[in-house]
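To start, the structure itself, in structure tokens.
Just so it is clear, none of the values below were taken in a lab; they were calculated from the coordinates. Bear in mind that the values here come from a model prediction, so they are computed numbers and not experimental data. Backbone-built Cβ (ideal geometry, glycine too); neighbour counts: all protein chains shown.
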Amino acid sequence: MNNLKELINYNLHPLDNLEYINQCKEEIMSNSILILNHFLTKECLDALISEAIQLEEKAFYCSQNHTILLNKYDPTKDKDDPLNIEVKSDKGCVPHDLLDKKSKLNIIYNSKIFKNFLKEVLNLNNLYPYSDPLSSINYNYYKKNQQLGWHFDNASFAITLMIQSADSGGEFEYVSKGRDYNKNYIDKLFIKKILENCIKVNKINADPGTLVLFYGRNYLHRVTPNSSDKSRILITLNYNEEEGTQLSENARLTFFGRIS
Ligand SMILES: O=C(O)CCC(=O)C(=O)O
Ligand SMILES: [Fe+2]
């Protein structure tokens, strides 16, 4: 069985070193995002690219219009209200149960060292997998013209691993203000300006093998349309702070086309 230290570039990213953990913690506190380049070893990245390409034909593609809070447009409300404006998202998704049990992703996802690193850096008490068989680890595919519209996540934090970037477009854009979920605060005017493209936003185009952590529930973010013929492929590693959490049946139907 592979050891975590053979899957990630431990020399660059010593996940159980206190000094390194604190450095990452400071970085996410000051930049609102943590980008760890060359996180995966070349062997691990190659294996995940093969797995992603082999599974691509099994992806379930969904296309939906939604608001920035991932709700449906409400015709009884003002259509210009920033919380009622529709954006479009379309992508393909391969759920966890289609991955080989021996996938290197399962090893990374379940590794005590990795989970402990995440807990420390993201200030979390616990990290548990989803209790449904689909939602914990997902491959996401963005083909030409596919995108993820501006949104806030339902989960407080997001963990992604870039596997293949688009040749053009398919960039991750974000702003690190606009909402404080815990204080029930949302800055509609600021959000409106973003939706109207009046504010300069942060942009990253992660290279394959990069791990990204960010607070998606408070930071508006999107993936711009992939304008190349090469699919953008990205893994989301999804955890919960509470044990026994399932993704809602509605969300499972939307993203995976089935509930189990
Ligand atoms: O694909 C990305 O880089 C971000 C994905 C994302 O925002 C999401 O799945 O909610
Ligand atoms: Fe998101």
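Laid out as a table, the results:
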item: Region 221-260 - Debye-derived log10 I(q)/I(0), Cα point model, q = 0.26, 0.29, 0.32, 0.35 Å⁻¹; result: -1.03, -1.05, -1.07, -1.10
item: Built amide H within the under 5 Å cut-off of Phe39, gap 5+; result: Thr210, Leu211
item: Filtered trypsin sites (Lys or Arg not before Pro), region 1-100: DSSP coil and at most 11 other beta carbons within 10 Å; result: Lys72, Lys77, Lys79
item: Length released on extending from Lys230 to Asp74, taking residue separation times 0.36 nm less the Cα-Cα span; result: 52.6 nm
item: Region 175-182 - phi-based ³J(HN,Hα) in whole Hz, Karplus 6.51/-1.76/1.60, Gly and Pro as x; result: 10, 9, 8, x, 7, 10, 4, 5
item: Gyration tensor verdict on region 140-202 (Cα atoms; rounded if a/c is under 1.5, prolate if a/b is larger than b/c, oblate otherwise); result: oblate
item: Distance in nm between pseudo-label sites at Lys177 and Ile113 (7 Å out along the Cβ direction from Cα); result: 4.0
item: At 0.692 mPa s and 37 °C, Stokes diffusion of the chain via Kirkwood alpha-carbon radius, µm² per second; result: 173
item: Within-15-Å neighbourhood charge of Pro82 [Cβ basis; K, R +1; D, E -1]; result: +1
item: Three-way shape call for region 144-260 based on the alpha-carbon gyration tensor, with the a/c threshold at 1.5; result: oblate
item: Whole-Hz ³J(HN,Hα) from phi, Karplus 6.51 cos²θ - 1.76 cosθ + 1.60, for region 67-80, glycine and proline x; result: 8, 5, 9, 6, 9, 7, 4, 10, x, 7, 9, 4, 6, 9
item: Over the chain: helical MRE at 222 nm, DSSP H runs n ≥ 4 each giving -39500 (n - 2.57), nearest 500; result: -7500 deg cm²/dmol
item: When each of Lys91/Lys203; Lys42/Lys143; Lys112/Lys183; Lys72/Lys101 is checked by Cα-Cα distance, pairs over 27 Å; result: Lys112/Lys183; Lys72/Lys101
item: Alpha-carbon radius of gyration plus Dmax, which is the widest Cα pair, for region 193-260 in Å; result: 15.6, 42
item: Difference of contour (0.36 nm per residue) and Cα-Cα distance, Lys193 to Asn22; result: 58.1 nm
